[in-house]
Amino acid sequence: MTHSPVWHPFTQHGLGDPVPLVTRAEGAALYTEDGRRIVDAISSWWVTTHGHCHPRIMAAIADQAQRLDQMIFAGWTHQPAEDVAHELRSILPDALTRVFFSDSGSTAVEVALKMALGYWAHRGEARSRVVVMEHSYHGDTIGAMSVGARGVFNAAYAPMLFDVGRVPFPANDPQPTLDALEAECAAGAAAFIVEPLVLGAGGMLMYPPAVLAKMQAICAAHGTLFIADEVMTGWGRTGTLTACEQAGVVPDIMCLSKGLTGGAIPLAVTMASEPIWDAHYSTDRTRTFYHSSSYTANPLACAAAVANLAIWREEPVRERVAKLAEKQQTHLDALSGHAMVRNARGCGTIAALELGDPAGSYLSELGPRLLRRFREADLLLRPLGNTVYVMPPYCIEDEDLARIWAEIGAAADDLATQ
Ligand SMILES: *Cc1c(COP(=O)(O)O)cnc(C)c1O
């Protein structure tokens, strides 16, 4: 493996950790070339919803591959994209009328920010300040990093990042968050972008739906555009189709990606409300929304998304999500009294806790040690520092889920005896 030319993401090759080679996947499991069966406890970085190689999604891709592989999407269209857009319109709130395609969560966020700034520019109003929440993560491109938390992940690139307003994470008392947001909006903020209910990469930090609803109301009162980054929280992760649904919140702009194709193939959408569209709609070509990437609305990806939407329409996905959420809560409860476990918390299918030393940071030694331990136990679990979280595909079997939690419990036990 040391001779591989591959440079992996978020991987410090200098530490010499092995990079296992995976040859196939099915359901909630990955299989390596040396015959190990790895339980995918984090849905391959939060993307796989119904399970790996889902037959309906694989068949849709294979079928589409016989007919149309890729085509330009500027001024041309194809049926799978039309179908995805119509289905999204029917499954999401009525006010989200327009569907803009791209190919990753980061790009969906860049598009949302450009739409928001374009909205104000084309209306002739000088509003350009973007407000974000402390500890947020919105992706790794320059704009997405700019609206995310600053830290070890992006310190080297700080000179490239633009300035934003920041409101505190609503930990125990949401009032400071609401007050800070009120002040930013009153001062004319263009947009507020937020991860609804769960801040994923920031450490699976959770806040209640009522706070989300209050933040949206503050934005609405001042005309500040409310952008919901549902890239991680969408597609059932938090117990409902979107996290906004639990708060009765309809954003002005919504970003969706990870589970949009069931996690099979890259695709993203930025959903916009009619006023955003109207600000760009004109016979004046300078108001065109100038954003594209070569593979915008790739037909194979759209076919996978159509299959995912059919699964949501025709199968009891919500019931599966509810059952998994219940089991996750049971496992969390069983560990929550452990001396080495803190802040055991759940939201839908997501369960998280902190292990060990309260002073631990992302770069603390515990994280890599846990990563190694879980890998050696044939589990795909990737702690964020000392935050361990479990976010499996909805099809995971009880025994596999129990094995994940048993290993987390054993890690906690070992910490207690050190
Ligand atoms: C993963 C993630 C992104 C970035 O998505 P990519 O497809 O990895 O570019 C953006 N926002 C949130 C909330 C995410 O969890």
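Condition check for TYR295 on (1) open to solvent by 60 Å² or more (accessible area, probe 1.4 Å); (2) outside the structural domain of PHE73 (by TED's automatic domain parsing); (3) modelled with pLDDT of 95 or more: one failure, at (2). Note on the stretch 253-282: among residues that are within 12 Å of the ligand (Cβ to nearest atom) and of a type in the set (Ser, Thr, Tyr), the one that is farthest from MET206 (Cα to Cα) is THR261.
Of all the residues in the stretch 283-304, those that are more than 14 Å from the ligand (Cβ to nearest atom) and either in a loop (DSSP other than H, G, I, E, B) or touching a strand residue (DSSP E or B) at 6+ places or on another chain (Cβ under 9 Å) (or both) number 12. Inspection of the stretch 187-196 identifies at least one residue that is farther than 28 Å from TYR281 by Cα and either at pLDDT below 95 or outside the structural domain of PRO383 (by TED's automatic domain parsing) (or both).
Within the stretch 1-50, being closer than 28 Å to MET204 by Cα, of a type in the set (Val, Ile, Thr) and open to solvent by less than 60 Å² (accessible area, probe 1.4 Å) holds for THR11, VAL19, ILE38, VAL39, ILE42, VAL47, THR48, THR49.
Count, please, the residues in the stretch 361-415 that happen to be free of Cβ contacts under 8 Å to residues at least 60 places away in the same chain, surrounded by 16 or more Cβ atoms within 10 Å (Cβ to Cβ) and farther than 24 Å from PHE153 by Cβ. Count: 3. Here the helices (runs of 4 or more DSSP H) wholly within the stretch 51-138 that include at least 1 residues being under 27 Å from PRO251 (Cα atoms), open to solvent by less than 70 Å² (accessible area, probe 1.4 Å) and away from the ligand (no atom under 16 Å from the Cβ) are 79-91, 105-122. The single condition from (1) on the phi > 0 side of the Ramachandran plot; (2) free of Cβ contacts under 8 Å to residues at least 12 places away in the same chain that GLY139 fails is (2).
What number of residues in the stretch 199-252 are more than 15 Å from the ligand (Cβ to nearest atom) and either not hydrophobic (A, V, I, L, M, F, W, C) or not assigned by TED's automatic domain parsing to the domain that holds CYS185 (or both)? Counting residues in the stretch 199-252 that are more than 15 Å from the ligand (Cβ to nearest atom) and either not hydrophobic (A, V, I, L, M, F, W, C) or not assigned by TED's automatic domain parsing to the domain that holds CYS185 (or both) gives 13. Taking the residues in the stretch 139-176 that are part of a helix (DSSP H, G or I), of a type outside the set (A, V, I, L, M, F, W, C) and in contact with a helix residue (DSSP H, G or I) (Cβ under 7 Å, 6 or more places away or on another chain) as candidates, determine which candidate is surrounded by the fewest Cβ atoms within 10 Å (Cβ to Cβ). Across the stretch 139-176, the extreme among qualifying residues is TYR157.
The values are calculated or read from the model by the stated rules, or taken from the named source; none is laboratory data. Remember, predicted model here, so these are calculated numbers, not experimental data. Using ideal geometry, Cβ is built from the backbone for each residue, glycine included, and neighbour counts are taken over all protein chains shown. Surface accessibility is based on the protein's heavy atoms, side chains included, excluding ligands, DNA and RNA. Shrake-Rupley method; radii C 1.70, N 1.55, O 1.52, S 1.80 Å.
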